[in-house]
Each structure stands twice: as C-alpha cells, then as structure tokens.
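A short reminder: the numbers here are calculations on the coordinates, not readings from a lab. Keep in mind the model is a prediction, meaning the values are calculated, not measured. In this analysis, Cβ positions are derived from the backbone assuming ideal geometry, glycine residues included, and neighbour counts consider all displayed protein chains.
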Amino acid sequence: MTTPGLRLLMMLAAMVSILAAQSPPAVAGGAITTAEWTLYRDKFLDPAGRIVDNANADISHSEGQGYGLLLSYLADNRGDFDRIWAFTRTEMLVRNDGLAAWKWDPVATPHVTDTNNATDGDLLIAYGLALAGSAWHRPDFTAAAAGIATALAAGGLEKVGDAVLLKPGNAGFGAADRQDGPVVNPSYWVFEALPVMAELVPDGPWRELADNGRALLAASMKIGQSGLPPDWVSLKTVPRAADGFPQDFGYNAIRIPLYLVRAGIRDRAMLEPFAAHMVEADGRLRIVDIATGQTRQLLDDAGYRIIPALVACVLDGKKLPDRLQSFAPTDYYPSTLHLLALSYARRHDPECL
C-alpha cells in the first residue's frame, strides 16, 4: 500500500529523473597525500585493521570501515587497505545475509554488540572494494563488492508502492516495525556509490534508488522552518521528522551536500539550501532545529567547515579558505569528511584550492 508520503516522494522522483544529472566523477588513488593518510592512519587505524571512532568510546562501525577502505584507496595505500578489509571481513561480516554488523566494541564480549546492519556502511564497504578491485586489478575485491551489493539489493532496499527506499538497517525501520514507519535517513544515500553498484549488480534498482534519494531530499527540505532535511524522516503520511530521534539537521545530515558534490550532482536548486542555511557567517556549521530553524549547536572543526565551503566553490567559484586546505586530524568523523572533501577538490575542482 502506498502512503501519502510515498506518493509525494514518487511524484518528486519522477520530476528528478527527468533532469539530466552529471555523470559521477571517476576517482583514482593518490588524491590523498601520503602525509595526510599517515596522520589519519596513526590516529584512527589500529594494528588489527579497525577504524577507531575516538569520539564514540573507541568503537568501530561498518561506516568507519567503509570510509577507511575508501580513504586508503584514495591514498593509494594497498597495505592499509588490506588490513582494513581483513578486519571488516573477519570481524564484521558475521551476518548470514552477506551484510556487515554495524557495531564492534573493543571492551565488550562478544565484540559485536548489535548485529543489525547499517546500509550506508554496507554501501561504503562495497564501493571501496569495487574501486580498489578495478584500479588494482584485484578480482577478489570486485567479487566481494558484488556480493555485498547483491545482499543490499536483496535485503537493504525496500519497495513500497513504486518507490525504492534505502532502509537504514534491515531490521527496525519498516512500516511493520514502527508506528511512523517506514523511516529513512537521507544521509545514507551515498550517491557516488550507486552507479558502481549498478555495474556490479545490473539488475538492481539503483537508478530508481538514486532518483528517490534526490526526491526524498527535496521533500525533506520542506519539513519545518529550517529549509534543511532532518537526519531521520518518517514517510508514513507526509514526510516529517521521525519520532524518537532528535528533530534536527544534525551530524548525519551535514554530510549530504558533500555526498551530492562528490557524486557530480551540481543542481543549484538542491545545493543552495545547504549553502544558505547550514552555515553561520563566520563559517561554522550549524546543527539546526528542524521545526524552528534555530541553531542548536555550532561546529568549528575544519572537517565540518569545509563542507559548505566546498559547496560555495562548486556553485560560485569561491576558493576554499587556506585553513581548510591543510589537514590535521581531530576526531574521526570530521577528519574523515575533511579528507573526502579535499580529495574531491584536488581531482575535480582544483580551482577551489
């Protein structure tokens, strides 16, 4: 049964699919310098091959392992890539459906404390493997990526009516799981990865998933007074902020414009709301109350500041401030976003630097 929220999403997706989106940019190793990767590795990669979230009780998660694979590929460091993949394969790909358990805790026994998956982590892992498999002529990486993509198509996507959605996890977010379900997270759409998933599993609904993700963003920006999408969205009726989560444009959603830019999506109508509403005049990033548009918190880390700065460069040719062009690791999440933004600018928008 198609809900009113999903009918709206489907109408928006039909309009989005008419627009000619730019092809996703090709990526290649070496976009992150050896010095930058060494700084990142020394702070966040432990000898066993897990990426440590130092701001979150030193846990590891599938998102972090996927980011680690992508960043080590962009740094052209095959040894570290192998370490990260070995840990991911042996410690986190423990489910029986081919997807990764999302959370690994160093002080818990067993270390995997939540076996549910996180589909953004699965996407990132498959994407990093696919890129490395192609560039480094490693069919074993390509085969592993195809296996994860196949598992995602089988269990990580949900078709409700004619709308293809990315479930945040295989359990706990659907219409049967929650009173306000289905619930989705717009930041889980790693847009640059979806064309690669289509190459790995051509019969999967990847184009529809990409179109619906962009439509979801357009609809989510109309929730409340902020002009920005919330982290978690209920699609039971009209799109609204989901119950039981902070009603914010928060730490999840701040990466959405980075994902759009990295995928080659330069639609001004889609990017301008982020440029207008996610940043203070002094360049600090805003965590925003969706209902009122009021600022809840300001983020000063260079890894956060670089996102709206990159959007401003892509839209209007504004050069990145000098302080954002140098990488110094702080916490796992902003440091990861910083390197993703810098690597993109070097390869595709050198005029930003």
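From the list ALA193, ALA218, which one is over 20 Å from GLY155 (Cα atoms), part of a helix (DSSP H, G or I) and of a type outside the set (D, E, K, R)?
ALA218
Pick from ALA86, ALA55: which is in contact with a Phe, Trp or Tyr (Cβ under 7 Å, 6 or more places away or on another chain), aliphatic (A, V, I, L, M) and surrounded by fewer than 20 Cβ atoms within 10 Å (Cβ to Cβ)?
None of the others qualify; the one that does is ALA55.
Mind checking which pairs have a first residue in the range 222-244 that is touching a residue at least 40 places away in the same chain (Cβ under 8 Å) and a second that is in a loop (DSSP other than H, G, I, E, B) and aromatic (Phe, Trp, Tyr), Cβ under 7 Å, 6 or more apart or different chains?
Matching pairs, first to second residue: ASP231/PHE245; TRP232/PHE245; ALA241/TRP232; ALA242/TRP232.
Could you please let me know if VAL279 is more than 18 Å from PRO186 (Cβ to Cβ) and either of a type in the set (Val, Ile, Thr) or in contact with a Cys (Cβ under 7 Å, 6 or more places away or on another chain) (or both)?
The answer is yes for VAL279.
For the range 278-292, which positions are more than 16 Å from LEU324 (Cα to Cα), assigned to a strand (DSSP E or B) and not β-branched (Val, Ile, Thr)?
ARG286, ASP289 - these are the residues of the range 278-292 that are more than 16 Å from LEU324 (Cα to Cα), assigned to a strand (DSSP E or B) and not β-branched (Val, Ile, Thr).
So how many residues does the range 225-277 have that are among the β-branched types (Val, Ile, Thr) and in a loop (DSSP other than H, G, I, E, B)?
Of the residues in the range 225-277, 3 are among the β-branched types (Val, Ile, Thr) and in a loop (DSSP other than H, G, I, E, B).
Go through the residues of the range 46-66 one by one and say whether even a single one is outside any loop (DSSP other than H, G, I, E, B), among the hydrophobic types (A, V, I, L, M, F, W, C) and without any contact (Cβ under 8 Å) to a residue 60 or more places away in the chain.
Within the range 46-66, one or more residues are outside any loop (DSSP other than H, G, I, E, B), among the hydrophobic types (A, V, I, L, M, F, W, C) and without any contact (Cβ under 8 Å) to a residue 60 or more places away in the chain.
Say whether the condition of being over 26 Å from ASP231 (Cα atoms) and surrounded by fewer than 14 Cβ atoms within 10 Å (Cβ to Cβ) is met by at least one residue in the range 304-318.
yes
State which residue pairs qualify: first residue without any contact (Cβ under 8 Å) to a residue 40 or more places away in the chain and of a type outside the set (A, V, I, L, M) and inside the range 157-169, second residue surrounded by 19 or more Cβ atoms within 10 Å (Cβ to Cβ) and in a loop (DSSP other than H, G, I, E, B) in any location, beta carbons under 8 Å apart, and separation of 6 or more residues or different chains.
GLU158/LYS167; GLU158/PRO182
Consider ARG266 carefully, then state whether it is within 18 Å of the chain's Cα centre (by Cα), more than 21 Å from ASP120 (Cα to Cα) and of a type outside the set (Phe, Trp, Tyr).
yes
Go through the range 73-106 and give me each residue that's farther than 16 Å from LEU45 by Cβ, among the basic types (Lys, Arg) and free of Cβ contacts under 8 Å to residues at least 40 places away in the same chain.
Selection gives ARG95 alone.
Condition (residue is in a loop (DSSP other than H, G, I, E, B) and under 24 Å from ARG95 (Cβ atoms)) applied to the range 139-160: is it met by at least one residue?
No, there is no match, as no residue in the range 139-160 is in a loop (DSSP other than H, G, I, E, B) and under 24 Å from ARG95 (Cβ atoms).
Output the number of the condition that ALA143 fails; it satisfies all remaining conditions of (1) without any contact (Cβ under 8 Å) to a residue 60 or more places away in the chain; (2) aliphatic (A, V, I, L, M); (3) surrounded by fewer than 24 Cβ atoms within 10 Å (Cβ to Cβ); (4) closer than 30 Å to HIS277 by Cβ.
(4)
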